[in-house]
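Engineer: Below you will find the structure I want to go over with you.
The values are calculated or read from the model by the stated rules, or taken from the named source; none is laboratory data. Since this is a predicted model, take the numbers as computed values, not measurements. All Cβ positions, even for glycine, are placed from backbone atoms using ideal geometry, and neighbour counts span all protein chains on display. Ligands, DNA and RNA are excluded from the accessible area calculation, which covers all protein heavy atoms including side chains. Shrake-Rupley method; radii C 1.70, N 1.55, O 1.52, S 1.80 Å.
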Amino acid sequence: MSVKLNHLLSRAEKALGKDEHTRAGALYEEAVTLAPAAHKGWFGLGQVAAAIGQDDTAATFFAHAVELQPDNARYRQTLGEALGRLGQTKDGLAHLLAARRLAPKNADVLCALAGGYVKAGDWHNAKAVLQEAVRLPHPLGAHYCLLGLACQQLGELDEAYAALKKGTSLAPNFPDAWLSLGHLHLQKLELDKAAEAVRRLEALAPDRTATLALAGDVAWARGDTREAANIYRQAADSAPGDAELQARLATTLVLCGEAIAAIDAMQRAHELGIPEDWILEQLGTLFTMKYWTPLARENLVMAVERNPDNLAAWSTLLMVYARTGESDKVWEAANAILDKEPENLYARMNLSTWYADQGRQEEAMELIRRCLKTDPDTRTLYSKGLWVMLSDSSASAADILQMAQAMDARILKPRRRGNDFAARDRNPARRLKIGWLSSDMRQHPVSAFVLPCLRHLDHGALETFIYYNFSEEDAVTREIKPLAEHWRTVTGIGDDALADLIERDEIDILIDLNGYTDGGRADTVARKPAPIQATWLGFPGTSGMSALDYILIPPDPVLEKGHWCTETPWPLPDCYGVRADISATAIAPGLPCERTAQPFTFASLNHFRKASAQTIALWSRILVAVPTARLVLVAIGGKDDATIKYFKSRFAQHGANPDQVEFRGYVSQQAYYESYNEIDLGLDPFPFNGGTTSYDSIWMGVPFVTWPGEHLSARMGKAILENVGLHELVASSPDDYVDIAVRLARDHERLKALRAGLREKMLASPLLDAPRMARNLQEAFRGMWRRWCEKP
């Protein structure tokens with residue numbers, strides 16, 4: 001009988017080796033029927049059952065083999081692994097520990113025991129067992145790989161790195177080693193090394209889902225969200241039942257602004273078990289990015305209702321509430337986050353914005369400074385601080401410069417590349433390649449200043465490249481596109497990739513039109529992808545960036561000194577910019593207070609966040625001096641009773657009658673222009689003057705009083721007024737500011753004279769002379785280029 005039994009077992013083993021499971025099972029069954037105590041037969045039946053996915057049956061067969069041969073380490077190991085797969089972790093570990101007692105030097109047993117500890121969530125013991133495994137003679141690369149994973153889970157990244165590097169050196173063709181090493185580099189944000197691991201992995205297992213997933217993760221971490229989405233799409237196609245991959249695909253599609261594809265991916269992710277609140281959060285994020293604010297609000301509110309612990313949804317909802325001016329909701333959302341995570345940086349940053357929107361700059365800056373103590377490497381904190389300081393009357397130009405330089409030194413300057421552009425053609429008269437980097441080539445104040453220049457540039461002298469960093473296009477975008485020889489949509493492209501693109505295009509002068517505004521690519525600019533880089537329009541102050549060479553400014557002796565900026569100021573000959581396509585709204589005749597029998601109306605239609613503490617104090621003095629006048633202001637939350645009450649209380653603190661102050665929320669563009677027909681005299685905030693709003697004010701026949709400060713945004717009003725001959729409205733001091741406003745409120749005839757023909761004066765001025773502005777820009781670019789060519 002033993003001969004026949006051995007023959008059956010041998011045939012069964014060969015069949016199993018060929019994956020002939022049915023035949024192997026029949027032969028093993030014949031063997032145990034012939035000899036019920038044949039432990040090899042029972043073990044073989046367990047192997048067949050495990051191979052076809054029947055772990056319950058496999059465990060039963062393995063257990064019977066262990067009963068027959070309790071001192072067989074392999075049987076104990078295999079039974080322990082099967083029980084682990086069934087979720088019977090404790091029983092499985094017991095058998096794996098028994099296997100180690102029987103075979104303490106067996107690497108397979110030790111690795112299986114480590115796997116059992118992992119299933120039990122005991123990474124410490126898993127690591128200890130794997131350390132035993134690699135101390136055995138001739139350890140395998142896989143053993144070091146598993147040890148690296150255990151160290152990684154325990155947060156011991158240096159030990160993990162050492163183990164994984166050893167694993168890849170012992171088994172350079174072992175894909176799992178490179179996969180683990182790639183994940184470790186990604187965890188440590190060593191993106192170049194992670195990308196190298198992906199390249200090695202792609203050479204070994206290019207179609208493996210795990211390879212694609214890691215490649216997508218690395219692309220996402222680099223900011224290359226479009227590439228990441230494409231890779232995740234391949235990965236999701238290869239593993240259609242993987243909910244996590246569908247979720248990653250959906251998220252990257254959201255970030256790319258691909259609404260329909262993103263929603264499809266979200267639906268598939270939800271069908272695979274991703275929670276509904278996550279889907280609603282992603283929809284809310286998508287709509288927020290597209291500025292579809294009501295839809296964003298609706299989905300995000302539902303997300304936090306379904307899961308109050310979804311902090312990502314709360315964070316985006318906080319931003320939406322800020323946009324809609326729901327101040328009480330902003331506070332509620334921020335505190336919902338901070339109650340669960342007291343150090344949440346995003347919530348604290350947005351609270352600083354909430355303070356700034358209420359004109360509480362000092363409180364906003366205090367919060368930002370506290371955040372910088374704990375998160376000094378977060379660039380957004382610095383840029384938020386810079387925006388707040390522009391409106392803070394207690395912040396000097398030196399204070400702003402110091403903040404900007406600190407950001408550059410700590411975060412941006414280290415990203416600069418070493419390209420000296422030595423191979424660039426230095427012919428000072430050749431055609432120049434001008435790159436315009438912007439997210440605002442759409443219906444936006446920045447495009448209103450860029451479009452008229454693009455219409456009149458000499459394309460024989462300049463070759464225009466536009467790098468557009470927004471997912472949507474509108475009628476303005478479609479008008480701008482044909483004005484550029486080269487249009488690059490760069491949303492979803494990481495900073496390194498975008499810098500590479502600009503370098504490949506051999507841009508001579510890169511104009512950053514965003515600075516630290518939404519959609520800006522400061523991290524790309526910091527890499528210095530062009531020999532000459534300048535900033536204009538977007539952020540009205542110094543960037544602090546050593547990678548930026550010039551800042552365009554209006555002609556102004558104070559600004560030309562450059563004490564307020566790190567860039568070299570380049571004064572444009574006539575004005576800072578030319579405004580395009582201003583409204584055709586007619587100017588109503590006469591003074592509004594006489595025409596309508598309404599009180600004399602002062603107004604500032606700028607965002608109230610520009611109203612510094614000193615601005616409010618001076619405006620209050622004006623109202624006290626003209627008690628029959630009113631002051632119309634615009635603010636986020638201007639329709640919110642509690643917010644309005646707070647705003648008015650700030651005027652009352654200076655003795656003004658709060659009933660003289662009227663706050664309005666945002667209105668349609670047409671209603672905005674028509675509101676100028678209610679205003680007798682404008683009041684420019686300081687130190688952050690109006691820009692687009694001041695152009696509109698002059699266009700609508702409403703002069704304004706300004707008091708220039710010591711940096712760019714504090715001297716915009718002066719540049720605009722002087723171009724239409726209103727020099728007398730430029731105050732020399734705070735007292736002079738008040739005196740001018742009060743005097744004109746009392747001298748209607750003089751005010752009428754100042755208002756007379758303002759639109760015609762503006763039409764005849766450099767402020768609306770687009771061909772002249774285009775020539776000035778071209779001369780500036782040529783001058784910058786000549787200066788660079790002359791450098792040794």
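Engineer: Within the stretch 377-403, which residues have the backbone N less than 16 Å from the label spot 7 Å out from GLU343 along Cα→beta-carbon, could you tell me?
Structural biologist: 377-378
Engineer: Additional query: Relative to the first principal axis of the alpha-carbon coordinates of the chain, what is the inclination of helix 445-456, with its axis defined by its Cα atoms, in degrees from 0 to 90 and to the nearest 10?
Structural biologist: Result, in degrees: 80.
Engineer: Please state the relative contact order of the chain as a whole percent: Cα pairs under 8 Å, 6+ residues apart?
Structural biologist: Details: 1397 pairs, mean separation 57.9, N = 792.
Normalised by residue count, the contact order of the chain is 7 percent.
Engineer: Right, another one. Need the list of aspartates and glutamates near LYS105 for cross-linking: C-alpha distance under 17 angstrom, and skip anything on the same chain fewer than eight residues off.
Structural biologist: List returned: ASP71, GLU132.
Engineer: In nm, to one decimal, how far is the ALA406 label point from the GLN187 one, both placed 7 Å along Cα→Cβ?
Structural biologist: It is 3.3 nm.
Engineer: So for the pair GLN653, TYR291, with labels modelled 7 Å out along Cα→Cβ, what separation do we get in nm?
Structural biologist: Each label point lies 7 Å from its Cα, and together they span 3.3 nm.
Engineer: Say a paramagnetic label sat at a point 7 Å from the Cα of ASP474, along Cα to Cβ; which residues of the stretch 486-528 have their backbone N under 16 Å from it?
Structural biologist: Zone members listed by number: 518-519.
Engineer: While we're here: Express in nm, to one decimal, how much length is gained between GLU13 and GLN669 on full extension, taking 0.36 nm for each residue of separation and deducting their alpha carbon distance.
Structural biologist: Numbers: separation 656, 0.36 × 656 = 236.16 nm, distance 8.13 nm.
So the chain would gain 228.0 nm between GLU13 and GLN669.
Engineer: Quote the FRET efficiency, to the nearest 0.05, computed for ARG101 versus ASP207 with a Förster distance R0 of 41 Å and r equal to the Cβ-Cβ distance. Each step should come with its number before you reach the end.
Structural biologist: Details: r = 42 Å, r/R0 = 1.02.
Taking R0 as 41 Å, the efficiency between ARG101 and ASP207 is 0.45.
Engineer: Excluding ligands, DNA and RNA, what is the solvent-accessible area per residue of the stretch 1-119 at a probe of 1.4 Å, expressed in Å²? Before the final figure, lay out the partial values.
Structural biologist: Details: 6220 Å² over 119 residues.
For the stretch 1-119, the solvent-accessible area averages 52 Å² per residue.
Engineer: Could you give me D for the stretch 75-230, from Stokes-Einstein at 10 °C and 1.306 mPa s, where the hydrodynamic radius is the Kirkwood radius over C-alpha pairs? Units µm² s⁻¹, please.
Structural biologist: Working: Rh = 16.2 Å.
Diffusion coefficient, whole number: 98 µm²/s.
Engineer: With every protein chain left in place, what is the accessible area per residue of the stretch 702-770 in square angstrom, probe 1.4 Å? Please report the intermediate quantities before stating the final value.
Structural biologist: Details: 2540 Å² over 69 residues.
Here the residues of the stretch 702-770 average 37 Å² of exposed surface.
Engineer: Take the Cβ-Cβ distance between HIS21 and THR374 as r, set R0 to 60 Å, and report the resulting FRET efficiency rounded to the nearest 0.05.
Structural biologist: On the way: r = 59 Å, r/R0 = 0.98.
The computed FRET efficiency comes out at 0.50.
Engineer: Based on DSSP H runs of at least 4 residues, each adding -39500 (n - 2.57), what is the mean residue ellipticity at 222 nm of the chain after dividing by all its residues, to the nearest 500 deg cm²/dmol?
Structural biologist: Working: 39 runs with 461 residues, N = 792.
Value at 222 nm, helices only, nearest 500: -18000 deg cm²/dmol.
Engineer: Within the set LYS4/LYS40; LYS193/LYS384; LYS329/LYS645; LYS481/LYS791; LYS165/LYS528; LYS90/LYS127, which residue pairs have Cα atoms separated by over 25 Å?
Structural biologist: On the way: LYS4/LYS40 14 Å; LYS193/LYS384 32 Å; LYS329/LYS645 16 Å; LYS481/LYS791 34 Å; LYS165/LYS528 34 Å; LYS90/LYS127 18 Å.
As for pairs spanning more than 25 Å Cα to Cα, those are LYS193/LYS384; LYS481/LYS791; LYS165/LYS528.
Engineer: To continue, here is another question. Which aspartates and glutamates, on any chain, are close to LYS413 with Cα under 16 Å apart, when same-chain ones fewer than 8 places away are left out?
Structural biologist: The reachable aspartates and glutamates, counting only those whose Cα sits under 16 Å from LYS413, are ASP377, ASP495, ASP496, ASP523, ASP549, GLU567.
Engineer: Only one of the values [x] 31.0; [y] 36.3; [z] 27.9 was calculated from this structure for Kirkwood radius over Cα pairs in Å; name its label.
Structural biologist: [x]
Engineer: Consider a paramagnetic label point 7 Å from the Cα of ARG416 along Cα→Cβ; state which residues of the stretch 760-792 have an amide N under 20 Å from it.
Structural biologist: Residues 784-792 fall inside that zone.
Engineer: For labels at ILE260 and TRP487 in the simple 7 Å Cα→Cβ model, what's the distance in nm?
Structural biologist: Here the answer is 1.9 nm between the modelled labels.
Engineer: With all protein chains present, how much of the accessible area of the chain (probe radius 1.4 Å) comes from carbon and sulfur, to the nearest whole percent?
Structural biologist: Values: 16740 of 32650 Å².
Looking at the chain in its full context, I get 51 percent from C and S.
Engineer: Between ARG787 and SER583, what length in nm is gained on full extension when 0.36 nm per residue of separation is reduced by their alpha carbon distance? Walk me through the intermediate numbers first.
Structural biologist: Numbers: separation 204, 0.36 × 204 = 73.44 nm, distance 3.98 nm.
Stretched out fully, the ARG787 to SER583 stretch lengthens by 69.5 nm.
Engineer: Oh, and also: Taking only protein heavy atoms into account and a 1.4 Å probe, give the accessible area per residue of the stretch 597-691 in Å². Intermediate values should be presented prior to the final figure.
Structural biologist: Details: 3550 Å² over 95 residues.
Here the residues of the stretch 597-691 average 37 Å² of exposed surface.
Engineer: Next question. If packing is taken as the mean number of other Cβ atoms within 10 Å per residue, what is the order of 454-464, 196-206, 691-701, highest first?
Structural biologist: Numbers: 454-464: 15.7, 196-206: 17.5, 691-701: 22.8.
Order by mean packing, descending: 691-701, 196-206, 454-464.
Engineer: Further, regarding this structure: Subtracting the Cα-Cα distance from 0.36 nm times the residue separation, let me have the gained length for GLU366 to ASP122 in nm, one decimal.
Structural biologist: Details: separation 244, 0.36 × 244 = 87.84 nm, distance 4.39 nm.
Going from the current span to full extension adds 83.4 nm.
Engineer: With axes computed from alpha carbons, what is the tilt in degrees of helix 55-68 against the longest principal axis of the chain, rounded to the nearest 10 within 0 to 90?
Structural biologist: In the chain, helix 55-68 runs at an angle near 40 degrees to the longest axis.
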